[in-house]
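This report refers to the structure that appears directly beneath it.
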Amino acid sequence: MKLLLTLLSFIALSGVANAKQTCVDDASIIKSAALIQKEGRGKGSGVIYQKDIVLTNHHVIADIPQIWVYFPQTDTQVEATVLYSSPKPDIAVLKLKQPQEAATELTLARKAIKRENLKLVSFPFAEKHRLGAVQARFNNMARFKSDTRLLYFNALLSDWAYAGDSGGAFFNCKGEVVGLNFGNLALKGTPEHVYGINMRAIQDALNAADVEVRMGY
């Protein structure tokens, strides 16, 4: 009996160790960060979905006649055109005029898990990018229950949300995209709740833009 319990404990511990090993390192996630620029100045955040496709919010690019996307990892700035954009949900799909060959193609998460630990990559104040820790919480705010922006979850940020965070991507442990941040709501001096559109809304936008959808399993 003791031998059986020891074996089961070993298997359980091995499973935990293997689960930890499946998590993508922060450096890999940060590589996907993009800064949307207007007239040479930062406007908001974005994520490079594949070598020539960037995801961001509609409101980030709505008033930009000529869009430039800056990639901090390679210190390059590339012009982009809009393939698809919609205020409901608040999402836009951009096509780069010059593909980023060093970019890693991302995959959309198949689902979000309640209280799942996520990471948000963004550019607060449109300056240096950051990696923030968030926790997924299914939306229970009455004001958003019938929102047509397809809200799926909100996330309690461990740091304050700032201007420039819009368009930043939420990543799960596997490095899959769970959603895009589009706004925040301050709650009586506590850290802000950051609201995101989910992977299903991103999937619909990619389909509308005729871009391949890659979903996790």
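Since every read-out is calculated from the coordinates, none of them should be taken as a lab result. These figures come from a predicted structure and were not determined experimentally. Reconstructed Cβ throughout: ideal geometry from the backbone, glycine too, with neighbour counts over all protein chains shown.
Checked against a 18 Å cut-off, the cross-linked pairs Lys31/Lys114; Lys119/Lys174; Lys51/Lys88 give Cα-Cα distances beyond that limit for Lys31/Lys114; Lys51/Lys88.
Under a cut-off of 19 Å between alpha-carbon atoms, report the aspartates and glutamates in cross-link reach of Lys111, not counting same-chain residues fewer than 8 places apart. Candidates past the 8-residue exclusion: Glu176, Asp204, Glu212. Paramagnetic label reach from Ser86 (point 7 Å along Cα→Cβ; backbone nitrogen cut-off under 13 Å): within the stretch 201-217, residues 201-210.
Taking packing as the residue-averaged number of other Cβ atoms within 10 angstrom, the listed peptides 39-48, 101-110 run from highest to lowest as 39-48, 101-110.
Considering only the Cα atoms of the stretch 36-145, their convex hull presents on average a projected area of 7.9 nm². The modelled label-to-label distance for the pair Gln66/Arg110, using points 7 Å beyond Cα in the direction of Cβ, is 4.5 nm.
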